[in-house]
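Structure record follows, encoded as structure tokens.
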Amino acid sequence: MDLRSRLSGHNTVRSSINPAVRLPREDKPKAQDGKSPSSEGLAWANPKLNAIKAKVQDVLLERTQDTLDKMTRVEVASLVRNTVAQERDLSLTEQDVVVKTLVNEILGYGPIQPLLDDPDVSEVMINGPERIYVEKFGRLQKVPVQFRSPEHLKATLEKMLAFTGRRIDDASPMVDSRLPDGSRVNAVIHPIAVNGDSITIRKFSKDPFTMAQLTEIGTVSDAMARFLEAAVLGRINIIVSGGTGSGKTTTLNALSAFIPGNERIVTIEDAAELQLQQEHKVTLEARPPNVEGRGEITIRSLVRNALRMRPDRIIVGEVRGGEALDMLQAMNTGHEGSLTTAHANSPRDCLARLETMVLMAGADLPLTAIRQQVSSAIDLIVQQSRMQDGSRRIVQITEVVGMESGTITTQDLFVYQQTGLDENGRVQGSFQPQGIRPHFYDKIIRYGIDLPLSIFGW
């Protein structure tokens, strides 16, 4: 993409220029709590800066035909700064503001780029052009950042979707996509989103959390981490269950790190976000239909195709529909040690959801047969929860034992027992083994894995 398509469509430039990077023109934002507004707010507030930004854009369009693919961020910043420096009536602070804003428009996603660059921000939530929130350290907060108009927001969204080639319009007003850094993007546009286009960006660490790091931050205990490692090495089928934002994908990434490097892994996702470290892996991504309603590739079709790819393990990012039946059949037909996630508030709810999802596949099976499929395929449910203070915990590790009188039976192996909150509002509690040896313990031992019974509270 050339520089012209990245720059603003100022009124002196032909209208064919991509509007995705038009610079905002807004009234001056009010400082909060006596503090100065952010540099983004300054850049959008001052008419003088707006005029200079427009002039800089025109100069850049005239002076260079280089493509941004050949230019580093430092080179683009230097080019912009040299142009801005010619404006003698700008202070150094104002020059910095203009340079930062222009570079973010050219190379990034405009006003929200600093939020995406902030390592402490885990999620960015855009509720229309003027209301932007972030999740930081597990807590939501509004930020003094805005898009200049609904059109600016829509153009920025289209720029986000360009990486994966996904589309969003009146015919397809919802989309799942991802950014080049792996961040997950979900968008719903007006009028489906009544108050303006809504975009949710879930960020992921460039270096995924390891189980050791999850232990350090209190997501899991040492004993539970050791047990989960043994379960993955022992080819136990695991489903990570939890609510939205509970950390399911983070835990799935940590679990997948225990898969031996000599095994062939096939991952299947709506929008690729898993960060497997193994070399021998195949990543498959679903695809929505095109403008003519053709070309759709569903998760279910990918699961079926994966069975023909000689996988040792299949990892489905999340089961949400009929693909659950194909996943269960894969787990029951030689692909042991497979992993997936599901939205549910408890292990029992997770099993009920699996039954419902199998029914969504249109299979004409009696409920007893479905439960038999579920109980024989799933060995372990790892229940994740987001606590009151924003922290994440594995609150239950539950074994699926089998069937009894037409009902799937389970037993808890580990449970997080919350005792209350401290003076700072942080959740207090402890991880407790339940003194139960899992039925698949002998299978783990047969793989030569050392797993002392003391881990289970014996």
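Given the criterion open to solvent by less than 70 Å² (accessible area, probe 1.4 Å) and of a type in the set (Phe, Trp, Tyr), identify the matching residue among PHE137, PHE147, PHE163.
On the way: PHE137 fails: open to solvent by less than 70 Å² (accessible area, probe 1.4 Å); PHE163 fails: open to solvent by less than 70 Å² (accessible area, probe 1.4 Å).
So the residue among PHE137, PHE147, PHE163 that is open to solvent by less than 70 Å² (accessible area, probe 1.4 Å) and of a type in the set (Phe, Trp, Tyr) is PHE147.
Look at ARG294 and say whether it is part of a loop (DSSP other than H, G, I, E, B) and touching a His at 6+ places or on another chain (Cβ under 9 Å). Steps first, answer last, please.
Working: part of a loop (DSSP other than H, G, I, E, B): yes; touching a His at 6+ places or on another chain (Cβ under 9 Å): no.
Here the answer is no, as ARG294 does not meet what is asked.
Can you pull out every residue in segment 429-458 that is under 19 Å from THR409 (Cβ atoms) and of a type in the set (Phe, Trp, Tyr)?
The first filter runs over segment 429-458 and keeps only residues under 19 Å from THR409 (Cβ atoms), leaving 434-443, 456.
Within segment 429-458, PHE440, TYR441, PHE456 meet the criteria.
Could you tell me whether ILE397 is open to solvent by less than 10 Å² (accessible area, probe 1.4 Å) and either in contact with a strand residue (DSSP E or B) (Cβ under 6 Å, 6 or more places away or on another chain) or without any contact (Cβ under 8 Å) to a residue 40 or more places away in the chain (or both)?
Numbers: open to solvent by less than 10 Å² (accessible area, probe 1.4 Å): yes; either in contact with a strand residue (DSSP E or B) (Cβ under 6 Å, 6 or more places away or on another chain) or without any contact (Cβ under 8 Å) to a residue 40 or more places away in the chain (or both): yes.
Taking the combined requirement at face value, the residue satisfies it.
Being closer than 14 Å to LEU255 by Cα and modelled with pLDDT under 95 is the requirement here; does PRO191 meet it?
Numbers: closer than 14 Å to LEU255 by Cα: no; modelled with pLDDT under 95: yes.
In short, no.
Filter segment 362-386 for residues that are open to solvent by less than 20 Å² (accessible area, probe 1.4 Å) and hydrophobic (A, V, I, L, M, F, W, C); which is farthest from PRO438 (Cα to Cα)? Before the answer, list the steps.
So the first thing to find is which residues in segment 362-386 are open to solvent by less than 20 Å² (accessible area, probe 1.4 Å), and the list is 370, 374-375, 377-378, 380-384.
If we keep only those that are hydrophobic (A, V, I, L, M, F, W, C) as well, we get 370, 374, 377-378, 380-382.
Working: ILE370: 23, VAL374: 17, ALA377: 15, ILE378: 13, LEU380: 10, ILE381: 12, VAL382: 14 Å.
Residue satisfying both the conditions and the ranking: ILE370.
Which condition does GLY196 not pass, out of (1) modelled with pLDDT of 95 or more; (2) more than 18 Å from the chain's Cα centre (by Cα), if it passes all the others?
Among (1) modelled with pLDDT of 95 or more; (2) more than 18 Å from the chain's Cα centre (by Cα), GLY196 violates only (1).
Scan segment 110-121 and tell me whether some residue there is touching a residue at least 12 places away in the same chain (Cβ under 8 Å), buried (at least 17 other Cβ atoms within 10 Å of the Cβ), farther than 28 Å from LYS248 by Cβ and aliphatic (A, V, I, L, M).
no
Give the residue that is farthest from the chain's Cα centre (by Cα), with candidates limited to residues of segment 127-155 that are of a type in the set (Val, Ile, Thr) and under 30 Å from GLY218 (Cα atoms). Working first, answer last.
From segment 127-155, those of a type in the set (Val, Ile, Thr) are 132, 134, 143, 145; that's our starting set.
Next cut, under 30 Å from GLY218 (Cα atoms) only: 132, 134, 143.
Numbers: ILE132: 18, VAL134: 14, VAL143: 21 Å.
Once the filter is applied, the top-ranked residue is VAL143.
Among the residues of segment 246-255, are any touching a helix residue (DSSP H, G or I) at 6+ places or on another chain (Cβ under 8 Å), in contact (Cβ under 8 Å) with a residue 24 or more places away in the chain and not polar (S, T, N, Q)? If you could, list the steps in order and put the result at the bottom.
Taking segment 246-255 first, the residues touching a helix residue (DSSP H, G or I) at 6+ places or on another chain (Cβ under 8 Å) are 250-251, 254-255.
Checking the rest, the ones that are also in contact (Cβ under 8 Å) with a residue 24 or more places away in the chain come to 250-251, 254-255.
Keeping just the survivors that are not polar (S, T, N, Q) gives 254-255.
Looking through segment 246-255, at least one residue is touching a helix residue (DSSP H, G or I) at 6+ places or on another chain (Cβ under 8 Å), in contact (Cβ under 8 Å) with a residue 24 or more places away in the chain and not polar (S, T, N, Q).
What number of residues within segment 410-433 are assigned to a strand (DSSP E or B) and either within 13 Å of ILE394 (Cα to Cα) or touching a residue at least 12 places away in the same chain (Cβ under 8 Å) (or both)?
Here is the first cut: in segment 410-433, the residues assigned to a strand (DSSP E or B) are 410-421, 427-433.
Restricting the remaining residues to those that are either within 13 Å of ILE394 (Cα to Cα) or touching a residue at least 12 places away in the same chain (Cβ under 8 Å) (or both) gives 410-418, 421, 427, 429-433.
The total comes to 16.
Looking only at segment 279-296, filter to residues that are in contact (Cβ under 8 Å) with a residue 12 or more places away in the chain and under 16 Å from VAL316 (Cα atoms); which one of those is least open to solvent (accessible area, probe 1.4 Å)?
Once the filter is applied, the top-ranked residue is ALA286.
The values are calculated or read from the model by the stated rules, or taken from the named source; none is laboratory data. What you see is a predicted model, and the numbers here were worked out from it, not measured in a lab. Quick reminder, even Gly has a Cβ in these numbers, built from the backbone with ideal geometry, and neighbours come from all protein chains shown. Heavy atoms of the whole protein, side chains included, go into the accessibility calculation; ligands, DNA and RNA do not. Shrake-Rupley method; radii C 1.70, N 1.55, O 1.52, S 1.80 Å.
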